[in-house]
Amino acid sequence: ALNKKQSGSILLFVGAPGTGKTSICQSIAKALNREYVRISLGGVRDEAEIRGHRRTYVGAMPGRLANGLKQAGVKNPLMLLDEIDKVSSDYKGDTASALLEVLDSEQNCRFRDHYVELPLFIATANDLHAIPRPLLDRMEIIEVSSYTANEKFHIAKEHLIPKQLKRNGLKKEQLTITKSALEDLIELYTKEAGVRQLERRIGEICRKAARKTLEEHVETVRVTGKNLE
């Protein structure tokens, strides 16, 4: 707010899969009232994917970042570079080095493929060791820790269960998962930092409840610690 010429920050969220790194980025975009663009870098190994192709080639295309700007329709969106630790290099060039130019605020105003005004970049990664050191130096690292059992309980209760009920065509009153069942589900059936496996398990319960509702014409299915298995 104080410095209008301030270059956009480049943040890097590092954490285990399913810990909500991408969700945080969506929330930041919403809070800043900016358009949100997600660019997946998993398995990208051609430098031209970042920089764009030379126009002399047949079928030349702009890079993913230029396409992202085009997709956003604005000149300063929030760009999420997903899975930045999964980029690889081959004989077609070093993708990580091409990203250096994109993520260096001293250089990227002159980046060949696109820039009009600086977007805000946020990158996500699972493993810091897979990111080349020069690239890591351009970013501010924020570690996203794994969830505690209590956090998982509240995430499941407030978000995952309503989401899975809707996905499986069930009404709230048709399926009840008790506190003890949910705690057992977290403790005994999921061993993970995030909540993806937990969501899959809740989905399994919902599908079985939906089947019971249709085949046995039961009005409500109650899942407790005793019948969870």
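Bear in mind these aren't lab numbers, they're just calculated from the coordinates by the rules spelled out. Computed from a prediction, not measured in an experiment: that's the story for all the values here. For neighbour counting, all protein chains shown are included, and Cβ atoms are generated from backbone atoms with ideal geometry for every residue, glycine included.
May I ask you to compute the full-extension gain from residue 178 to residue 196, defined as 0.36 nm times their residue separation minus their alpha-carbon distance, rounded to one decimal in nm?
Contour length minus Cα-Cα distance gives 4.5 nm.
Report the FRET efficiency, 1/(1 + (r/R0)^6), for residue 127 and residue 204, where r is their Cβ-Cβ distance and R0 is 30 Å, rounded to 0.05.
The computed FRET efficiency comes out at 0.55.
Mean-square fluctuation check for the chain, GNM, Cα pairs under 10 Å: which of 173, 83, 192 is largest?
Among 173, 83, 192, the largest GNM mean-square fluctuation belongs to 173.
Using every pair of alpha-carbon atoms in the chain, split the distances into 5 Å bins beginning at 0 and state the percent of pairs per bin, rounded to integers.
P(r) for the chain, in whole percents per bin: 1, 6, 12, 14, 14, 12, 9, 9, 8, 6, 5, 3, 1, 0.
Each residue of segment 49-57 in order: what ³J(HN,Hα) in whole Hz does its phi give by Karplus 6.51 cos²θ - 1.76 cosθ + 1.60, θ = phi - 60°, with x for Gly and Pro?
5, 8, 7, x, 8, 5, 5, 6, 7
To the nearest 10 degrees, how steep is helix 196-215 against the longest Cα principal axis of the chain, on a 0 to 90 scale?
That works out to roughly 40 degrees.
What's the longest piece of the chain with no exposed chymotrypsin sites (Phe, Trp or Tyr not before Pro), counting a site as exposed if DSSP puts it in a loop and it has at most 10 other beta carbons within 10 Å?
92-229
Please tell me the relative contact order of the chain in percent, rounded to the nearest whole number, where contacts are Cα pairs under 8 Å and at least six residues apart.
So the answer I get is 24 percent.
In debye to the nearest 20, how big a dipole does the chain give about its Cα centre with +1 on each Lys and Arg Cβ and -1 on each Asp and Glu Cβ?
800 debye
Add -39500 (n - 2.57) for each DSSP H run of 4 or more in the chain, then divide by its residues: what number comes out at 222 nm, to the nearest 500 deg cm²/dmol?
Taken over the chain, the calculation gives -10500 deg cm²/dmol.
Diagonalise the Cα gyration tensor of segment 137-225 and give the resulting equivalent ellipsoid semi-axes, square root of 5 times each eigenvalue, largest first, whole Å.
30, 14, 10
Please compare each pair in 152/208; 70/163; 152/226; 30/212 to a cut-off of 30 Å on the Cα-Cα distance and tell me which ones are over it.
Beyond 30 Å: 70/163; 30/212.
Nearest 20 debye, what's the magnitude of the dipole of segment 169-208 about its Cα centre given +1 on Lys and Arg Cβ and -1 on Asp and Glu Cβ?
With Lys and Arg at +1 and Asp and Glu at -1, about 220 debye.
On a 0 to 90 degree scale, rounded to 10, what angle separates helix 21-32 from the longest Cα axis of the chain?
Result, in degrees: 70.
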